[in-house]
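J.: To start, I am sharing the structure in question, which I have written as C-alpha cells.
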Amino acid sequence: MAEKVKVWFDAEADFLEVRFSGVAGYEKETNHDAVMERVDAQGHVVGFSIMGVSQFRKENPLEADLVSA
C-alpha cells in the first residue's frame, strides 16, 4: 500500500487523477473506456485517471480492472 496518495480533480475538464507513486510512468488502457491506468517501466500500477468522472453516481458506479505486472 502506498504511504501517500496524490489526487487531482479538474472540474472544468471533468477529470480525476490518482497517483500512488511519483515514479515516471505512462498511460495504458483498461477494460473501461473512461479509465486509464498509469504504469511504471516494469508494468506496476502507480496510479489511474478517470475522464467524465461526474457521470458516475452512487446508483451508477464505475468499475474497472487495474492490472499490475
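J.: Among the residues of region 49-66, write down those that are under 18 Å from Phe20 (Cα atoms) and loosely packed, with under 13 Cβ neighbours inside 10 Å.
T.: Asp65
J.: Which is over 11 Å from Leu66 (Cβ atoms) and β-branched (Val, Ile, Thr), of Val7, Val39, Val35, Val46?
T.: Val7
J.: Can you name every residue in region 13-29 that is in a loop (DSSP other than H, G, I, E, B) and crowded, with 17+ Cβ neighbours inside 10 Å?
T.: Result: Phe20, Ser21, Gly25.
Coordinate-derived values only; no laboratory data. Just so it is clear, the model here is predicted, and its values are computed rather than measured. Note that each Cβ is placed from the backbone with ideal geometry, even for glycine, and that neighbours are counted across all protein chains shown.
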